[in-house]
Amino acid sequence: MHMNYGNRALIALALGSGCATEAPPPTFDYIRTAILAPSCATSACHTERSRAEGFAFDTREAADEALAGLVAPGDPDGSWLMDVLTTDDKERRMPVDAPLADEEIELIRQWILAGAQR
Amino acid sequence: MKNVVLQLFVLVGFVRVASAYPQYQLSRETTCTSCHVSTGGGGLLDSMGEATASDINQFPGDPRFLHGAVDLPSWLLVGGDFRAATGMSDRGAGPAFVVFPMQMELAAAVTKGPVTVMATAGTIRPDEDKPASILLLREHWLQWKSESSGWSVRAGRFAPVYGQRNAEHNWVSRRYGGAPLYGETYSAQLAWIDDTFEAHVTGFVADRWFPSAERGDGAALYAETRLRSDTAVGVMARFAASHDEHRSQGGVVVKRWWEGPRLLLAAEGQLVKQSIRNAAVRSQWLGQLVATKFLSNSMFLDVGIGHFEPNVAMEHVGRTAVDVNLHWFTWSHLELIASARAHLLGLGSGGPTTGYGLLQVHYRL
């Protein structure tokens, strides 16, 4: 993956400090922990406590249950998760405070296309 | 009607809790604990805090609980915070009008000698199938603060002391910087605070019964020293481990106050390493710079820019937030805040640019 010089310098710093960094895998564990949890499982939304719209992403078990109803394995365009992440409908677009980056949405698409294994 | 109600509940995602204004730390040559009951700063005001609140109000008024209508005994402090906001918000599909509650919370503290017991009770978005889940006992702790030295010990449910701990919706430094909203844990804290130096060491475990935004167990350190009366430098380190991830992070905070122009600059930078179970290790970094200008005794304007790189191995996923907030402390207990934010992904090339413009009303009980 192409990286700019700034991020290369930071990787060098991170590696020098003993920290590795890897390109993200389109897997359930990465998508749930790195993308859905910090963006969607915020204080009053899709947590096990609040369960906005009945969905939670702050634990593996809750996310597994939620995604079973939100994704159509192998069919990103037919998955409700992809719809709410990309819709032009002001009231349905998610997350509520700031959108996901295009590359993060693409990672989710790749995961769904590959069968959305959990 | 349903859509309006849905919008209200959806945008409870903007909630924030009463925190603190570090802007008063260097400008008034004081410490956070001079105005707040908690040694971590923020939250319920003590008598000095109420006096400061009275001093900064544009129009006169009694700063005490219920405007002084009820005389509380000296060992009891009671307060509360109510916030609501309205304005326009664009989350990627165009601007929309929004109006929503942000915080409804009561707090009480009982003090006898060096010991204080404090608790809050408020509301949070409930699980629609469990209406009782609307009630949140966000903080409850016991604190011992030496009356002859800077030592203090605190134990209970509260957010580990880490970072700048300010009330501004510094989205980058709070959500991604280790001090998330509603990130309370069961914690034990040892601290030293004097006029020129403070250090807070906190060990914590996640709340297994009513989980918060922090799911891991770990420890946090924050230490800050006054190089001069107008300059402070802090260092911090934090580690948290949960079933799903390990996160190590650390950074620095620098604050500088200029008395002439009444200007404060506060900067923060952190490096983060996150190990995700069965997945990947990713390195992150974040930085934030906030400039606060006191326009009068009762009004200050702050402009901030923050950037977060969630994964240095990916391009165009960095988040940049530019925030402008105008605070006006009007009558006693009432604060008006005009806020605006622009949010960019990948510096404009990673997704839609979004933002909001809001007017917030904050009433302190």
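The values are calculated or read from the model by the stated rules, or taken from the named source; none is laboratory data. The structure presented is a predicted model; accordingly, all values stated were derived computationally and were not measured. With ideal geometry, Cβ positions are generated from the backbone for all residues, glycine too; neighbour counts draw on all protein chains shown. Protein only, heavy atoms only, side chains kept; ligands, DNA and RNA dropped before computing areas. Shrake-Rupley method; radii C 1.70, N 1.55, O 1.52, S 1.80 Å.
Can you tell me the relative contact order of the range B:144-240? Whole percent, Cα pairs under 8 Å, sequence separation 6 or more. Each step should come with its number before you reach the end.
On the way: 199 pairs, mean separation 23.8, N = 97.
In percent, rounded to a whole number, it is 25.
Sequence neighbours fewer than 8 away in the same chain don't count; with that in mind, list the lysines whose C-alpha is under 30 Å from A:K90.
B:K2, B:K130
Can you give me the accessible area per residue for chain B, using a 1.4 Å probe, in Å²?
Working: 14630 Å² over 365 residues.
With the other protein chains kept in place, chain B gives 40 Å² per residue.
Ranking request for peptides A:84-93, A:102-111: highest mean number of other beta-carbon atoms within 10 Å first, then the rest in descending order. Please list the in-between numbers first.
Details: A:84-93: 15.1, A:102-111: 18.8.
Put in order of decreasing packing, that is A:102-111, A:84-93.
Tell me, what % of the accessible area of the range B:188-296 is carbon and sulfur with a 1.4 angstrom probe? Present the calculation step by step, with values, prior to reporting the outcome.
On the way: 3100 of 4690 Å².
Carbon-and-sulfur percentage of accessible area, whole number: 66.
Who wins for biggest fluctuation among B:N278, B:N297, B:N57 in a Gaussian network model of chain B, springs between alpha carbons below 10 Å?
For chain B, modelled as a Gaussian network with Cα springs under 10 Å, the answer is B:N278.
Estimate for me the total accessible surface buried between chains A and B (protein heavy atoms, probe 1.4 Å, no ligands or nucleic acids), in Å² to the nearest 100.
Working: alone 7560 and 17120 Å², together 19690 Å².
Chains A and B together bury roughly 5000 Å² of accessible area.
Mind checking the dipole of the range B:32-150: about its Cα centre, +1 per Lys or Arg Cβ, -1 per Asp or Glu Cβ, Debye to the nearest 20? Can you show the working numbers first?
Details: 8 positive and 13 negative charges, 32 e Å.
For this selection, approximately 160 debye.
Ranked from highest to lowest mean number of other Cβ atoms within 10 Å per residue, what is the order of the peptides B:302-314, B:31-43, B:69-81, A:57-69? Mind showing how you got there, number by number?
Working: B:302-314: 21.3, B:31-43: 22.8, B:69-81: 14.2, A:57-69: 18.3.
Result, highest mean first: B:31-43, B:302-314, A:57-69, B:69-81.
Can you list the residues of the range A:84-111 whose accessible area drops by at least 40 Å² going from the chain on its own to the full set of protein chains, with a 1.4 Å probe?
Buried on complex formation: A:K90, A:E91, A:R93, A:V96, A:D97, A:A98, A:P99, A:A101, A:D102, A:E103, A:E104.
Taking only Cα atoms and a 10 Å spring cutoff, compute GNM fluctuations for chain B and point out the largest among B:T202, B:T225, B:T185.
B:T225
Would you work out if the range B:137-212 is rounded, prolate or oblate? Take a ≥ b ≥ c from the square roots of the eigenvalues of the alpha-carbon gyration tensor; rounded if a/c is under 1.5, else prolate when a/b is larger than b/c, oblate otherwise. Provide the component values of the computation, followed by the final result.
On the way: a/c = 2.45, a/b = 1.30, b/c = 1.89.
Since a/c reaches 1.5 but b/c is at least a/b, the shape of the range B:137-212 is classed as oblate.
List the lysines whose alpha-carbon lies under 17 Å from that of B:K112, not counting same-chain residues fewer than 8 positions away?
Within the straight-line cut-off, B:K112 pairs with B:K145.
I'd like the mean, over residues of B:131-140, of how many other protein chain beta carbons sit within 10 Å of each residue's own Cβ. If you can, show how the numbers build up before the last one.
On the way: counts 0, 0, 4, 1, 0, 3, 0, 0, 0, 0.
What the average comes to for B:131-140 is 1.
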